[in-house]
1. Using the Cα gyration tensor of the chain, with a ≥ b ≥ c the square roots of its eigenvalues, what is the shape: rounded (a/c below 1.5), prolate (a/b larger than b/c) or oblate (neither)?
2. Do you know the relative contact order of segment 67-160, to the nearest whole percent, from alpha carbon pairs under 8 angstrom that are 6+ apart?
3. Considering only protein heavy atoms and a 1.4 Å probe, what is the carbon-and-sulfur percentage of the accessible area of segment 55-201?
4. Compute the accessible area per residue over segment 121-201, keeping the other protein chains in place, probe 1.4 Å, unit Å².
5. Taking all protein chains together and a probe of 1.4 Å, list 118, 54 from the most accessible to the least accessible.
6. Pairs of alpha-carbon atoms within less than 8 angstrom and 6+ residues apart define the contacts here; what relative contact order does the chain have, in percent?
7. Roughly what angle does helix 176-192 make with the longest principal axis of the chain, taking Cα atoms, 0 to 90 degrees, to the nearest 10?
8. Can you give the accessible area of residue 43, probe radius 1.4 Å, in Å² rounded to 10?
Amino acid sequence: MERLTLAIGILVLLVLLVVGGLMLALLRLNRQRSRLAQLSRVDTLTGLHNRRHLLEEADKLYRLSLRDTRPLSLVLIDLDHFKRINDSYGHPVGDRLLQALSQALREETREVDVVARLGGEEFCILMPDTPAPGAMEAAERVRARVQALPLEQPRGAEPVTVSLGLATGAAHEAVFDRLYFRADRALYAAKAKGRNRTEIG
């Protein structure tokens, strides 16, 4: 009888160890899945959201704008002469500049805004519930903040500037593709007019 009790006790202990091991493995798997999901939506260099996350959020904000006719503003930001900076001072300097710009964007935007790196030196801010004048004010704050960033490189420092294109829409005009097209056109206008400025599309 004592042997049977001991055998049952050992069996129960083994079952508990196996169940505990499985639960631990599932927990780790769930954490890895969550981490992978986050990584798929974050730009690794800057820590900002990436294009995928931006598009997901843009769709949600568009549906809200359709429902409530609230304005949605989109700002495209492009670092001026970034290729020349990379060619002259090297990619590590360019990377540090992108990271400094990203930090400035975080600090100059609201929590509800969606800030993303689209690729290269192009960034985007989606601003829900923001009419054109408010978006223009925010864009100009970003422009001034970036202009104050020092470009650290071997020969001292030179000013950094950005060109910005802004578009605002509500309801059907708030769909991402339309806003992006108008903001992109405005961005090209800002570049054509001498850079370091914000244009509205």
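1. oblate
2. Value for segment 67-160: 36 percent.
3. 52 percent
4. 48 Å²
5. Correct descending sequence by accessible area is 118, 54.
6. With pairs under 8 Å counted, the relative contact order is 24 percent.
7. 40 degrees
8. Counting only protein heavy atoms, residue 43 exposes about 30 Å² to solvent.
The values are calculated or read from the model by the stated rules, or taken from the named source; none is laboratory data. Nothing here was measured: the structure is a model prediction, and the numbers come from that model. Keep in mind that these areas ignore ligands, DNA and RNA; they rest on the heavy atoms of the full protein, side chains included. Shrake-Rupley method; radii C 1.70, N 1.55, O 1.52, S 1.80 Å.
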